[in-house]
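A short worksheet on the structure shown next.
The values are calculated or read from the model by the stated rules, or taken from the named source; none is laboratory data. Here the structure is a predicted model, which means the values were calculated and not measured. Quick reminder, even Gly has a Cβ in these numbers, built from the backbone with ideal geometry, and neighbours come from all protein chains shown. Ligands, DNA and RNA are stripped out before the accessible areas are found, and what is left, the full protein with its side chains, is counted by its heavy atoms. Shrake-Rupley method; radii C 1.70, N 1.55, O 1.52, S 1.80 Å.
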Amino acid sequence: MCWAIILLSFFSTQQPDEMGYLLKNIPDVPVRTAESSLQPLSSWYSQKPMILTLAYSRCPGVCSPYVLQIRDQLAMQSIAEDKFQMVVLSFDSTDNAQTLSKLAGYSKVNPPPSNWTFAVLPTESREELAASLGLKWEKLGELYDHNSLLLLVSTEGKILQRVEGLPSNDQWNRLFREITHEFVPVYSTLGENIWTSCFRYDPASGTWRMNWGLLLILIPSVATVCILLILQTFIRVGATKKIANTKPIISHDPV
């Protein structure tokens, strides 16, 4: 078991530090909405869970397909709009809510759902929020190179889930289950194929499967039993030979 823990610790250092962000509070920074008014983020997450992603409308790369995938995934779910708030937040201070709405494929003819909000993060709040969420960005001329993040924030402002990059189906399912207050027992933070784990949990089906780590725990017990059986066998064989080599004592009755 000690070796399993050591190996597991080694592998955990090779993976993104997702656990470093979970259950931590995000700063309640002010953001600028379509009405150009500044409102704190708590205006949305204090009422219901908030799904948060960061993008900017002039992004020539992943921002548009990333936000469009979020839109399509949410549209396919039967979760009522009053159960969560979707916030698309730009970290580009020159942005505005209207251009962000177009980034998500919405317009005056096709308006976003009532639980969608588009807002812009002021420059003075960007560093604080970026550090708390793990947003990595670098300005390249007039554009930004950045990682894609999707977060689920509780009504207390705590990070419940954090996904870097495009979410997998399992990650989407886990996020939707959390929104509907369904118990999620395990969060996969070390990858799907860590062989040192004792069990593997499938969040899509909610089932458990045994893994090789369980064998590492059982090896000492199995080895101990085998050694005891071998020793017991040697003792029995030795006792049998001793009895076989002992000469019988012949007694003579007196005449």
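Placing a label point 7 Å from the Cα of Ser64 along the Cα-to-Cβ direction, the residues of region 101-117 whose backbone N falls under 16 Å of that point are 101-107.
Under 20 Å from a label point 7 Å along Cα→Cβ of Met76: give me every residue in region 142-161 with its amide N that close. It comes to 149-152, nothing else.
Remark: region 17-63 carries 47 Å² of accessible area per residue (probe radius 1.4 Å; ligands, DNA and RNA excluded).
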